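Heads up, the thing below is written out as structure tokens.
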Number of protein chains: 4
Amino acid sequence: MNASLTLTASCPDQVGIIAAISGLVAEHGASITEASQHSDPVTRHFFMRYEIDATRLPFGKAGFEQALRPLAERFGMDWQVSSSQAPYRVLILVSKQDHCLSDLLYRWRRRDFIFDLVGVVSNHEDLRADVEQAGVPYHHVPVTPGRRAVAFEAIERLFEDTRADVMVLARYMQILPGELCARLPHRIINIHHSFLPSFVGASPYRQAYERGVKIIGATCHYVTEELDAGPIIEQDVMRVHHGDSVERMVALGRDVERAVLARGLRYHVQDRVLVHGNKTVVFP
Amino acid sequence: MNASLTLTASCPDQVGIIAAISGLVAEHGASITEASQHSDPVTRHFFMRYEIDATRLPFGKAGFEQALRPLAERFGMDWQVSSSQAPYRVLILVSKQDHCLSDLLYRWRRRDFIFDLVGVVSNHEDLRADVEQAGVPYHHVPVTPGRRAVAFEAIERLFEDTRADVMVLARYMQILPGELCARLPHRIINIHHSFLPSFVGASPYRQAYERGVKIIGATCHYVTEELDAGPIIEQDVMRVHHGDSVERMVALGRDVERAVLARGLRYHVQDRVLVHGNKTVVFP
Amino acid sequence: MNASLTLTASCPDQVGIIAAISGLVAEHGASITEASQHSDPVTRHFFMRYEIDATRLPFGKAGFEQALRPLAERFGMDWQVSSSQAPYRVLILVSKQDHCLSDLLYRWRRRDFIFDLVGVVSNHEDLRADVEQAGVPYHHVPVTPGRRAVAFEAIERLFEDTRADVMVLARYMQILPGELCARLPHRIINIHHSFLPSFVGASPYRQAYERGVKIIGATCHYVTEELDAGPIIEQDVMRVHHGDSVERMVALGRDVERAVLARGLRYHVQDRVLVHGNKTVVFP
Amino acid sequence: MNASLTLTASCPDQVGIIAAISGLVAEHGASITEASQHSDPVTRHFFMRYEIDATRLPFGKAGFEQALRPLAERFGMDWQVSSSQAPYRVLILVSKQDHCLSDLLYRWRRRDFIFDLVGVVSNHEDLRADVEQAGVPYHHVPVTPGRRAVAFEAIERLFEDTRADVMVLARYMQILPGELCARLPHRIINIHHSFLPSFVGASPYRQAYERGVKIIGATCHYVTEELDAGPIIEQDVMRVHHGDSVERMVALGRDVERAVLARGLRYHVQDRVLVHGNKTVVFP
């Protein structure tokens, strides 16, 4: 694949944004290979994502950013340019369950979608062998009652030392400190094992079983200080029936969880997710 | 179609139930054309539904009930026999929106599944013409602040006078008095315009829009004294995306609502739903 | 709703198309309220759909078309402008089954989405009362073995006389003459009662039943001279199981058919479908 | 889990089958923990599956079979008893793609459902390391133009030597000799990368892309002498859109394929599939 640049931007809507941005790209002789725009009629906010064939650009990512800056300022844009030559760096946090981890390891190895896996952190030793066998560093950071603060400082340091861009909670089972969440907005992705906002909190499959729902689901969302309430990236569901025990629902749920997390992470590392307030715009 | 009898029963599980019931049916030379059983491993409760070709039975519904009674007592069964010759009698309650009503009227006229439509009650006059055009009695029972009790007494009387078996709230928009719900257990069916237990209460699509969910749904459930908390019969969902306004979500939701209600009502009038505690066993 | 214009266009891809079109719109002070673009990397063909708030435009549809013409010629565009003030005119063809017709009548009356229903044509008299009750002209055009040519001439004349934009085969059950299809490219929409290309031809549910598939579906597509082979607009599916007879599959299928046809027609009359070769680009 | 026996049986339908079988089970004091029956109204064939808690039975699998034999003969049954203590023995065949294999290895290790994995056969060496790392024997059997017969004799010998019960073609990409298929009826399971009967044969995703379908799927089926035409066990689908290239469809398809194959294999090794003619009855 040729080098490509992805521009994502959002700003208050006004006449002329698309014209200005696409004009700039055209002026430098570059092709837009994928273009998505959305204009929210309620908030009057504008969102866009351009994938740009960069082979004919006279400059690289930095040059393109410099060329864009005046426009971005004029429109009051939140914006970002990513290069296909610098994939997202991902740090995965797990506990003992490995269905999501195992799926992400597989997709990473097979390049199902492209990201750099910089390490796996766990509060247990159980999954070390599998992770190291894949050639990925494994960090055991125990989270014990009196030493939670220390543990999460260590994890944040690992995030910085590995120059990670995004932290993925792949069934991590620990609640992150609010300040950590606040310092990494839209950079921590969680998979929640229910169709949020149904069944927040613990044991969602047991709750679902007891409520007698006919469909279960999973939710991939950004982590915010408020538990299970961050912007939703992706959701999916699966039918269950009266014959399915809690255990079978948990097993069926594993398949939905790993699929939804993989999709959510793919959208994130391909810059397909723009956040506005507590909602996301996803260009799939 | 030949006359058929449907037996539904539930009781504490024990050895020999299927043998005894199927033995009785066989003894009288009748064929079981559809058999479903479920044994809940947690509650140790047993559920069954037999559809029986009654053409070769030496007796009718009453005779079959008499033959069954000793077995039913021995096993401590909750049980019921329905005859295809006496379809369920359905009373529909609506407000001003007619997407569910219109769909049920269509299915009733075209015999998509079989039930007797004994009348439509509404707190408004808006839908009278459509209902009467279909040859169905329309009852206008206004529900005004000071006269709620009177209104619901009138509705309960209509239910009795029409000898209705089941009351369907087809987007009725009024909360029924708790005592009425308690007097008609598992005989009032509601369609809720959300994927319960998400977004209970008012304006679920607005709630869903504001939460930024990626999937919306609808829930058909029995009405109990506790609002939106009764046993769930059927649910279904539909994908939405960031471009869908609240209005579009409401419109998409109408399609899911009418489909889920029709399915739920079909299951009910075909005796495919057995209730146990706050959960249902559905033999589709 | 304010008056809006919808521009759809496609052309060989090249640098500067978006810039030029969005520049023109901006230049006249108009807002783009919904923008969708797609660039096919294989065929190097470009597709776009802009919904434009026309309230601040200094001219109407004709003026906008005139302003666009030079650009359209420069880029070699296939293009079209629609105005929200001139809804699509739809002529529906049916036979005896009314589940799709009944659903479209409902959506038309309730303005679920906007189109003008100019008439219903049928080769039978069965559905006259329902159609006329809704205030829609009903045309009985019998299609008998020796007089097929005459019948389809009459239908084509009706299409012209009613100034219809699109003909909808809502389970019409007759094969249209090839020349008629050729004269109305992408203006005849059919609902096929299978998940094409599975089960082309007659009795698809029987074929599906006999093949033992676990999922059935329906396909909304443009009609071309080659039977069941035109560009697909929309598809959807539904699970079936071994207990579902052909009759039950037909009944379940009705629900999918009407939903898929309604979605397909909505996409068409909202200019969300662009055809290229035998494929469609759909901006939902 | 306690030892359990699973009885599956099918025979021409007649009065008294359920009574006789459930009577026999009850007579020996055993509980039926899961019971499913189906009576085909067209073919008048009867199908059943009983899961029996065997802890209180006075005999084992062999004793139960002996007790059943007279009944089975009386009703002309095809029947089989499986014991939870003797899991199905599975031999997997792969080529170079490993998404299905990798998923089955994961489920086998984590006991997502229970089976014995007796070996993996491939016509390539590529996947040896992954398989052997999991502790599973890997057999490289090249399939070269002049030596196909020799290769498949070797594979059949491996099937016998490993005492395998079922052969799983996990994207094996080779067409098995007709005689081999005929010798192992309902014992060879394939995953086909399309929603059969759409797109039989080679490159189904390319075919799907070119036909412009809006939904892709996968089919798990028993292999018969006629290519892609054996009894279907399970199918599932996934939405695609105009922006999805053939490559993206292949990638999305991998997720459906592995899910459908896993579900199909689970149904098979839990005796949930009964075959009749070219169709299956699946008790999920």
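Take the range A:186-232 and flag every residue that is touching a residue at least 60 places away in the same chain (Cβ under 8 Å), open to solvent by 10 Å² or more (accessible area, probe 1.4 Å) and under 24 Å from A:Glu153 (Cα atoms).
The answer is A:His186, and nothing else.
Need a quick list: helices (runs of 4 or more DSSP H) entirely within the range C:168-284 having at least 3 residues that are at pLDDT 95 or above and assigned by TED's automatic domain parsing to the domain that holds C:Leu127.
C:178-183, C:246-269
Can you tell me which of D:Thr33, D:Thr55 is open to solvent by 20 Å² or more (accessible area, probe 1.4 Å), part of a helix (DSSP H, G or I) and in contact (Cβ under 8 Å) with a residue 24 or more places away in the chain? Break it down into steps so the answer makes sense when it comes.
Numbers: D:Thr33 fails: part of a helix (DSSP H, G or I).
That would be D:Thr55, the only listed residue that is open to solvent by 20 Å² or more (accessible area, probe 1.4 Å), part of a helix (DSSP H, G or I) and in contact (Cβ under 8 Å) with a residue 24 or more places away in the chain.
From the list D:Glu160, D:Glu179, D:Glu156, pick out the single residue that is under 21 Å from the mean Cα position of the chain (by Cα), among the acidic types (Asp, Glu), more than 14 Å from chain C (Cβ to nearest Cβ) and open to solvent by less than 70 Å² (accessible area, probe 1.4 Å).
Result of the check over D:Glu160, D:Glu179, D:Glu156: D:Glu156.
Here are some conditions: (1) in contact with a strand residue (DSSP E or B) (Cβ under 6 Å, 6 or more places away or on another chain); (2) free of Cβ contacts under 8 Å to residues at least 60 places away in the same chain; (3) not in a loop (DSSP other than H, G, I, E, B). D:Asp130 meets all but one. Which one does it not meet?
Of the numbered conditions (1) in contact with a strand residue (DSSP E or B) (Cβ under 6 Å, 6 or more places away or on another chain); (2) free of Cβ contacts under 8 Å to residues at least 60 places away in the same chain; (3) not in a loop (DSSP other than H, G, I, E, B), the odd one out for D:Asp130 is (1).
State whether one or more residues within the range C:132-147 are of a type in the set (D, E, K, R), open to solvent by 50 Å² or more (accessible area, probe 1.4 Å) and over 20 Å from B:Asp130 (Cα atoms). Don't jump to the end; show me each part of the working.
Initially, the range C:132-147 is screened for residues of a type in the set (D, E, K, R), giving C:132, C:147.
Within this subset, residues satisfying the condition of being open to solvent by 50 Å² or more (accessible area, probe 1.4 Å) are C:132, C:147.
Next, from what is left, pick out any that are over 20 Å from B:Asp130 (Cα atoms): C:147.
Scanning the range C:132-147, I find at least one residue that is of a type in the set (D, E, K, R), open to solvent by 50 Å² or more (accessible area, probe 1.4 Å) and over 20 Å from B:Asp130 (Cα atoms), so the answer is yes.
Condition check: of a type outside the set (Phe, Trp, Tyr), open to solvent by less than 60 Å² (accessible area, probe 1.4 Å), within 19 Å of D:Ile18 (Cα to Cα) and in contact with a Phe, Trp or Tyr (Cβ under 7 Å, 6 or more places away or on another chain). Does B:Leu71 satisfy that?
Details: of a type outside the set (Phe, Trp, Tyr): yes; open to solvent by less than 60 Å² (accessible area, probe 1.4 Å): yes; within 19 Å of D:Ile18 (Cα to Cα): yes; in contact with a Phe, Trp or Tyr (Cβ under 7 Å, 6 or more places away or on another chain): no.
No; evaluated as a whole, the condition is false for this residue.
Over 22 Å from the mean Cα position of the chain (by Cα), of a type in the set (S, T, N, Q) and under 30 Å from B:Pro231 (Cα atoms): does that describe A:Gln207?
yes
Which condition from (1) open to solvent by 10 Å² or more (accessible area, probe 1.4 Å); (2) over 15 Å from the mean Cα position of the chain (by Cα) is the one that C:Trp108 breaks?
Only one criterion is unmet by C:Trp108, namely (2).
Restrict the check to the range C:77-84 and report whether at least one residue is open to solvent by less than 50 Å² (accessible area, probe 1.4 Å) and among the β-branched types (Val, Ile, Thr). Break it down stepwise before answering.
At the first step, the residues of the range C:77-84 found to be open to solvent by less than 50 Å² (accessible area, probe 1.4 Å) are C:77, C:81-83.
Of the ones still in play, those that are also among the β-branched types (Val, Ile, Thr) are C:81.
Checking the range C:77-84: at least one residue is open to solvent by less than 50 Å² (accessible area, probe 1.4 Å) and among the β-branched types (Val, Ile, Thr).
Could you tell me which numbered condition B:Asp271 fails, if it satisfies all but one of (1) over 30 Å from B:His38 (Cβ atoms); (2) away from chain A (no Cβ under 11 Å); (3) surrounded by fewer than 21 Cβ atoms within 10 Å (Cβ to Cβ)?
(1)
If you go through the range C:116-127 one residue at a time, do you hit one that is of a type outside the set (Phe, Trp, Tyr) and assigned to a helix (DSSP H, G or I)?
So far as the range C:116-127 goes, no, none of its residues is of a type outside the set (Phe, Trp, Tyr) and assigned to a helix (DSSP H, G or I).
Within the range A:71-82, is even one residue within 30 Å of D:His99 (Cβ to Cβ) and more than 14 Å from chain C (Cβ to nearest Cβ)?
For the range A:71-82, residues within 30 Å of D:His99 (Cβ to Cβ) and more than 14 Å from chain C (Cβ to nearest Cβ): present.
Any residue that is assigned to a loop (DSSP other than H, G, I, E, B) and over 24 Å from B:Thr6 (Cβ atoms) - is there at least one of those in the range B:98-113? Talk me through it step by step, then tell me what you get.
So in the range B:98-113, the residues assigned to a loop (DSSP other than H, G, I, E, B) come out as B:98, B:111-113.
Applying the additional criterion that residues be over 24 Å from B:Thr6 (Cβ atoms) yields B:98.
The answer is yes, given that some residue of the range B:98-113 is assigned to a loop (DSSP other than H, G, I, E, B) and over 24 Å from B:Thr6 (Cβ atoms).
Run A:Cys100 past the list (1) within 12 Å of chain D (Cβ to nearest Cβ); (2) over 11 Å from A:Val168 (Cβ atoms) and report the number of the one that doesn't hold.
Result: A:Cys100 fails condition (2) only.
Between residues in the range C:142-164 that are closer than 21 Å to C:Leu117 by Cα and residues that are assigned to a helix (DSSP H, G or I) and at pLDDT below 95, which pairs lie under 9 Å by C-beta distance while being six or more apart or on different chains?
none
Can B:Ala62 be described as within 8 Å of another protein chain (Cβ to nearest Cβ), open to solvent by 20 Å² or more (accessible area, probe 1.4 Å) and either free of Cβ contacts under 8 Å to residues at least 12 places away in the same chain or of a type in the set (S, T, N, Q) (or both)?
Details: within 8 Å of another protein chain (Cβ to nearest Cβ): no; open to solvent by 20 Å² or more (accessible area, probe 1.4 Å): yes; either free of Cβ contacts under 8 Å to residues at least 12 places away in the same chain or of a type in the set (S, T, N, Q) (or both): yes.
So B:Ala62 fails the test.
With respect to the numbered conditions (1) more than 8 Å from chain C (Cβ to nearest Cβ); (2) more than 28 Å from A:Asn278 (Cα to Cα), which one is the sole condition not fulfilled by A:Ala19?
The number of the failed condition is (1).
Do we have any residue at all in the range C:28-50 that's over 15 Å from A:Ala19 (Cα atoms) and of a type in the set (A, V, I, L, M)?
yes
Among the residues of the range C:39-52, which ones are more than 8 Å from chain A (Cβ to nearest Cβ) and either open to solvent by less than 20 Å² (accessible area, probe 1.4 Å) or among the charged types (D, E, K, R) (or both)?
C:Asp40, C:Arg44, C:Phe46, C:Phe47, C:Met48, C:Arg49, C:Tyr50, C:Glu51, C:Ile52
Name the single residue, out of those in the range B:3-30 being free of Cβ contacts under 8 Å to residues at least 12 places away in the same chain and open to solvent by 30 Å² or more (accessible area, probe 1.4 Å), that is nearest to the chain's Cα centre (by Cα).
B:Val15
All but one of (1) of a type outside the set (A, V, I, L, M); (2) at pLDDT 95 or above; (3) part of a strand (DSSP E or B); (4) open to solvent by 20 Å² or more (accessible area, probe 1.4 Å) hold for B:Pro87; which doesn't?
It fails just one condition, (3).
The values are calculated or read from the model by the stated rules, or taken from the named source; none is laboratory data. All values reported here derive from a predicted model rather than from experimental measurement. Note that each Cβ is placed from the backbone with ideal geometry, even for glycine, and that neighbours are counted across all protein chains shown. Quick note on the areas: whole protein, heavy atoms, side chains included, nothing else; ligands and nucleic acids left out. Shrake-Rupley method; radii C 1.70, N 1.55, O 1.52, S 1.80 Å.
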